[in-house]
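Right, one structure below, let's go through it.
The values are calculated or read from the model by the stated rules, or taken from the named source; none is laboratory data. This is a predicted model, so every value here is computed, not measured. For neighbour counting, all protein chains shown are included, and Cβ atoms are generated from backbone atoms with ideal geometry for every residue, glycine included.
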Amino acid sequence: MPVEQKASAIEIRNVIKRFGAVTALDGVSFEVERGELFFLLGPSGCGKTTLLRILAGLEKPDEGNLLFDGRDVAGLAPHERGAPMVFQNYALWPHLTVGENIAFGLVERRMLRAEIAKRLVEVMDRVGLKGMADRLPGQLSGGQQQRVVLARALVLNPQVILLDEPLSNLDAKLRAEMREEIERLHATTRITFIYVTHDQVEALTLADRMIVMNQGRVAAMGRPADLYHRPPNLFCAEFLGEANILEGRVVAGDGERVWVETALGSWHALPRGARVGDRVRMVIRPENIHLATERETSTPNRFEATIRRVRMNGATLTVILEAGEHEFRATLLNRPGVDLMTGLRRAWTVDPSAAIALPWE
């Protein structure tokens, strides 16, 4: 007998959304598997929040389909979708206690008081708010208020939770703490999380998979490590972290690597759709530029460069290099005894597996 294929938790099929003459979403399609921590990442105005609001039922698409567990939910009201939304501005009622804010959805469902009390105790313990049920939101820190918002969603036992830039109002230290909290909650509940952010660190740190959006379209989709180390296009390469770009033309290839003629000589690279004869841009991450050793005199991707600036970041150093008309940014471990004086000319190398050749767009 054939194996029955289970539906994805979320399916987005060719969703289009217009606001007057502006197309906010232009044929967006992707799937989210059950239990994933899935990110919608992109710059401001790319359409990610509009897409999340469509999933929540707060906006209606002009075209396309939304399926939750194989069921079309386009005609369902927000409370009928089983996908509570965590807002970036908390949206807590200031006159209600923490416990009343968290339990509000259960009260609206007319759940028995004993069951509400039981769930409230369980979820407050889970998010680290034990003993705070009688406090008012104004008596809590930003991090604690964000935990209340998460608890308000978790207490409903949903299949999906939608998060709209939930950490944007927190300072750097609290953001780091709450990233760990969200990761822990997801791991222990295995609820499907769909998380909107413009913060690459959040996405690269937390996501199982993600889409990178640009101008209302999906520019890339995949696991964070794959998109970072093997970006499919220049937008993804430059949006996810820092990228040095070296232009050239592919002059040869063996199926696995290509040889690219550049202003700095012949380089070897991994192709991402680039073929012989193509103009390409090679993407090189700063951490993949290394000082050449004495034995690396004839290795591929070796170049001479002058050190123009050195900035200490703590555990790492940012080194600005000048090679002809090109400027490169290298990230090195901050180790004692490394000669990195400004004005010094040194030899540098890039492993061919860390240079990605993208066709000219």
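Quick check: is even one residue across the range 66-77 in a loop (DSSP other than H, G, I, E, B) and within 30 Å of Leu170 (Cα to Cα)?
Within the range 66-77 (the criterion being in a loop (DSSP other than H, G, I, E, B) and within 30 Å of Leu170 (Cα to Cα)), the answer is no, since none of the residues qualifies.
Exactly one condition in (1) of a type outside the set (Phe, Trp, Tyr); (2) in contact with a helix residue (DSSP H, G or I) (Cβ under 6 Å, 6 or more places away or on another chain); (3) in a strand (DSSP E or B) is false for Pro300; which is it?
(3)
Residues of the range 332-354 being assigned to a strand (DSSP E or B), of a type outside the set (A, V, I, L, M, F, W, C) and exposed (fewer than 14 other Cβ atoms within 10 Å of the Cβ), which ones?
Pass one, the range 332-354, residues assigned to a strand (DSSP E or B): 332-333, 345-350.
Now narrow it down to the ones that are of a type outside the set (A, V, I, L, M, F, W, C): 345-346, 349.
Hit for the range 332-354 is Arg345, nothing else.
Which condition does Arg152 not pass, out of (1) at positive phi; (2) of a type outside the set (A, V, I, L, M, F, W, C); (3) surrounded by 20 or more Cβ atoms within 10 Å (Cβ to Cβ), if it passes all the others?
(1)
Could you list, in sequence order, the residues of the range 271-289 that are at pLDDT below 95, of a type outside the set (D, E, K, R) and either closer than 15 Å to Asp351 by Cα or exposed (fewer than 13 other Cβ atoms within 10 Å of the Cβ) (or both)?
Of everything in the range 271-289, those that are at pLDDT below 95, of a type outside the set (D, E, K, R) and either closer than 15 Å to Asp351 by Cα or exposed (fewer than 13 other Cβ atoms within 10 Å of the Cβ) (or both) turn out to be Pro271, Gly273, Val276, Gly277.
Can you tell me which residue within the range 227-254, out of those that are of a type in the set (Gly, Ala, Ser) and farther than 28 Å from Arg209 by Cβ, is surrounded by the most Cβ atoms within 10 Å (Cβ to Cβ)?
Filtering the range 227-254 for residues that are of a type in the set (Gly, Ala, Ser) and farther than 28 Å from Arg209 by Cβ, the one surrounded by the most Cβ atoms within 10 Å (Cβ to Cβ) comes out as Gly248.
Just one of Arg275, Arg295, Arg249 is assigned to a strand (DSSP E or B) and not hydroxyl-bearing (Ser, Thr, Tyr); which is it?
Arg249
Considering Phe30, Phe39, which residue is modelled with pLDDT of 95 or more, closer than 23 Å to Leu206 by Cβ, touching a strand residue (DSSP E or B) at 6+ places or on another chain (Cβ under 9 Å) and buried (at least 22 other Cβ atoms within 10 Å of the Cβ)? Break it down stepwise before answering.
Numbers: Phe30 fails: buried (at least 22 other Cβ atoms within 10 Å of the Cβ).
Criteria check complete, one pass: Phe39.
Could you please find all residues in the range 89-121 being at pLDDT below 90 and within 21 Å of Thr188 (Cβ to Cβ)?
Within the range 89-121, Gly105, Leu106 qualify.
Are any residues in the range 40-60 within 16 Å of Val218 (Cα to Cα) and in a loop (DSSP other than H, G, I, E, B), and if so, which ones?
Correct list: Gly42, Pro43, Ser44, Gly45, Cys46, Gly47.
Yes or no, residue by residue, for (1) without any contact (Cβ under 8 Å) to a residue 12 or more places away in the chain; (2) in contact with a His (Cβ under 6 Å, 6 or more places away or on another chain); (3) closer than 19 Å to Leu240 by Cβ:
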| site | (1), (2), (3) |
| --- | --- |
| Met282 | no, no, yes |
| Ala292 | no, no, no |
| Ser298 | yes, no, no |
| Thr318 | no, no, yes |
| Thr331 | no, no, yes |
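Using the structure shown, decide if Arg329 is assigned to a strand (DSSP E or B), at pLDDT 95 or above, of a type in the set (D, E, K, R) and surrounded by 19 or more Cβ atoms within 10 Å (Cβ to Cβ). Show your work before the answer.
Details: assigned to a strand (DSSP E or B): yes; at pLDDT 95 or above: yes; of a type in the set (D, E, K, R): yes; surrounded by 19 or more Cβ atoms within 10 Å (Cβ to Cβ): no.
Considered against the rule, which asks whether it is assigned to a strand (DSSP E or B), at pLDDT 95 or above, of a type in the set (D, E, K, R) and surrounded by 19 or more Cβ atoms within 10 Å (Cβ to Cβ), Arg329 comes out as no.
Yes or no: the range 224-237 includes at least one residue that is under 16 Å from His326 (Cβ atoms) and of a type outside the set (Gly, Ala, Ser).
No - not one qualifying residue is present in the range 224-237.
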